[in-house]
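The values are calculated or read from the model by the stated rules, or taken from the named source; none is laboratory data. Nothing here was measured: the structure is a model prediction, and the numbers come from that model. Virtual Cβ from ideal backbone geometry, glycine too; neighbours counted across all protein chains shown. Heavy atoms of the whole protein, side chains included, go into the accessibility calculation; ligands, DNA and RNA do not. Shrake-Rupley method; radii C 1.70, N 1.55, O 1.52, S 1.80 Å.
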Amino acid sequence: FVTLKEVVDEVGRDAARFFFLMRRFDSQLDFDLELAKSQSSDNPVYYVQYAHARIHGIFENAVEKGAVLPDVSQVDLSKLGTPEEMALIKALAAFPDVVEGSALNFEPHRIPFYLQELAGHFHSFYNKNRVIGEDAELTSARLLLLKGTAQTLKNGLFLMGVSAPERM
């Protein structure tokens with residue numbers, strides 16, 4: 001058998017926590033050490049943390065290009081409307097219910113599954129939509145959407161005791 005300390009030493013604290021929290025209390029755990037160590041989109045903790053880091057990279061790029069990170073009161077959110085933007089907004093709106101349901105039902109696995117889904121929506125949005133463009137209002141709206149996404153990813157990871165790196 002392998003001790004938990006050996007697993008943590010092998011894959012790191014973040015991956016160990018994420019993988020253990022992904023399982024229901026009544027399900028068998030098949031811990032894939034190689035997957036937990038990999039730095040690919042197949043690794044769920046890497047996938048979620050990478051989404052958070054990528055958003056911070058977009059913020060840095062925006063600042064370099066002279067864009068100001070927007071304040072919610074100064075943004076016209078009606079500029080958002082692509083299917084990917086709507087999916088991301090709906091996923092963000094679900095976070096409080098996911099956390100509440102997780103707590104009320106003693107089902108912490110809901111949070112890592114939610115974070116993987118949110119990261120998937122972000123990656124889909126990012127692959128199909130240019131965040132920083134010629135339209136300053138659209139850029140501001142998209143930056144604000146990503147600000148909310150980054151904060152939600154960070155909050156979810158915090159609840160799990162997993163780090164939310166700004167660079168990877």
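In table form, for the structure just shown:
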{"quantity": "Enumeration of residues in the stretch 63-78 that are surrounded by fewer than 17 Cβ atoms within 10 Å (Cβ to Cβ) and closer than 14 Å to Asp135 by Cα", "calculated": "Lys65, Gly66, Val68, Asp76, Leu77, Ser78"}
{"quantity": "Cβ pairs under 8 Å, 6+ apart, first in the stretch 148-168 and farther than 12 Å from Asp14 by Cα, second among the basic types (Lys, Arg)", "calculated": "none"}
{"quantity": "Some residue of the stretch 64-82 being acidic (Asp, Glu) and in contact (Cβ under 8 Å) with a residue 40 or more places away in the chain", "calculated": "yes"}
{"quantity": "Which numbered condition Ala91 misses (of (1) out of contact with any His (no Cβ under 8 Å at 6 or more places or on another chain); (2) modelled with pLDDT of 95 or more)", "calculated": "(1)"}
{"quantity": "Set Leu157, Leu138: member being farther than 15 Å from Val72 by Cβ, assigned to a helix (DSSP H, G or I) and more than 15 Å from the chain's Cα centre (by Cα)", "calculated": "Leu138"}
{"quantity": "Filtered residue count, the stretch 99-144, keeping only those that are free of Cβ contacts under 8 Å to residues at least 40 places away in the same chain and under 18 Å from Phe25 (Cβ atoms)", "calculated": "6"}
{"quantity": "Residue in the stretch 80-91 that is touching an Asp or Glu at 6+ places or on another chain (Cβ under 9 Å) and not basic (Lys, Arg) present", "calculated": "yes"}
{"quantity": "Scope the stretch 97-109; condition open to solvent by 80 Å² or more (accessible area, probe 1.4 Å) and either touching a strand residue (DSSP E or B) at 6+ places or on another chain (Cβ under 9 Å) or assigned to a helix (DSSP H, G or I) (or both); matching residues", "calculated": "Asp97, Glu100, Leu104"}
{"quantity": "Test: residue in the stretch 45-62 that is surrounded by 14 or more Cβ atoms within 10 Å (Cβ to Cβ), among the hydroxyl-bearing types (Ser, Thr, Tyr) and over 19 Å from Leu146 (Cα atoms)", "calculated": "no"}
